[in-house]
Amino acid sequence: MMEAMLPIEKARGLYGDLLLLSKEQLLLARSINADKDLGQEMLNLFQKRQEIMEGIDLLMSEINQGENRDNTVSGKNSRVEFPLSLGKQQAEAHDKVIQEIIAIIREIQAHDEVGRKIILNSRQEAEKGLADLKRSQAASNAYLYVDTCSDGWFFDQKK
């Protein structure tokens, strides 16, 4: 007989999905270059992440409502609490899932930090390139006499 999936296991699955999106965003950030606009793809990934995080929030509120906080015992990790109704094996499995979730969150944070740095560097390079282009254009205009007419052109117009 298959047991119904516990909310904590569902949350672990959603965190796994979040990790996959984080990896996809990191790959996308690494492929950014001046010729390719990846803004829309990045926005779509952020929207998917938001949906998953909302699902996690719903599951966590379900978990918190299902557990009576007065009837809990602290686990190995003092921040993790188990309902007294859980047996020892269930509590250990619960703790294992919590530890997996914590590891996933840390990996997501690492990916996000690397992605942020890549995007920040890319943006700074684009801004520098734009500033160089403006300086180059100003110097070019100074030597080309854009707002003046040559004598030959003026003479030809009088005919």
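For region 65-95, which positions are surrounded by 12 or more Cβ atoms within 10 Å (Cβ to Cβ) and at pLDDT 75 or above?
Those that are surrounded by 12 or more Cβ atoms within 10 Å (Cβ to Cβ) and at pLDDT 75 or above: 90, 91, 92, 93, 94, 95.
Can you tell me which of (1) modelled with pLDDT under 85; (2) closer than 19 Å to residue 103 by Cα is the one residue 29 doesn't meet?
(2)
The values are calculated or read from the model by the stated rules, or taken from the named source; none is laboratory data. Everything numeric here is computed off the predicted structure, so don't read it as measured data. Cβ: placed from backbone, ideal geometry, glycine included. Neighbour counts: every protein chain shown.
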